[in-house]
Each structure stands twice: as C-alpha cells, then as structure tokens.
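The values are calculated or read from the model by the stated rules, or taken from the named source; none is laboratory data. Remember, predicted model here, so these are calculated numbers, not experimental data. Positions of Cβ are backbone-derived with ideal geometry, glycine not excepted, and every protein chain shown enters the neighbour counts.
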Amino acid sequence: MRALATITALLIALGLAACGTETTDITQGEAEITKELKPAGGSFECPDEVEGGEGAKFECTAKGPGGDQVVPMTLDTEDGELAIGPQDQKQYESALTKALAP
C-alpha cells in the first residue's frame, strides 16, 4: 500500500487584484502538493488564484492512475500565514487514495 501524503496546509502568497478585489495566489501550495504526489504518478490542479482571503473555499483536482478526484479546499491561517488545506481531511485522503490507485 502506498503511503498517503497528508498535507494539511501549505504556505502561499497573498495578492490583490488591480480592481481592489482580494485574490489569493495559490500556485505555490498547488505545486507543493503535486511534488508530494508525483512519485506515485499523481498531480494536483487548482485555480491559479482564489477570490477572497482566509476562509475562501475552492475546488482542486487530484489526478493520477486511478482517475481524477475533485477535492474541496479552503484557505486557512497557519503560523500567521495563509495556507491551503482540505475542507474535510478524510475526504481529501480518500480522494488522494483513489486518484493514486493503480
């Protein structure tokens, strides 16, 4: 059985759009999760930016040999920094397990 990469949160950069609406660039968090999944043939795809800051909800897709799995994610604060994390840890782990299944 493959070890499951459990990532509860990853630091990301906060940005503001030119129109004044707060957006958050989550590409760094997406890249870190993909880095964890790559050895098992997986990847993690999210929108480049999410509207809003802490508490914003969005969906990402875990991809792998077992197929694509939608994963509900959220922006949280960890050590005073914005971070991405799953809305539901058990659902996140289940989606990764299914996506990485041979």
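Remarks
- Residue under evaluation Gly66, criteria (1) out of contact with any strand residue (DSSP E or B) (no Cβ under 8 Å at 6 or more places or on another chain); (2) at pLDDT below 95, criterion not met: (2)
- Among the residues of segment 39-50, those identified as free of Cβ contacts under 8 Å to residues at least 40 places away in the same chain and either on the phi > 0 side of the Ramachandran plot or surrounded by fewer than 13 Cβ atoms within 10 Å (Cβ to Cβ) (or both) are Pro39, Asp48.
- Residue-level check: of (1) over 21 Å from Lys38 (Cα atoms); (2) part of a helix (DSSP H, G or I), Lys90 misses just (1).
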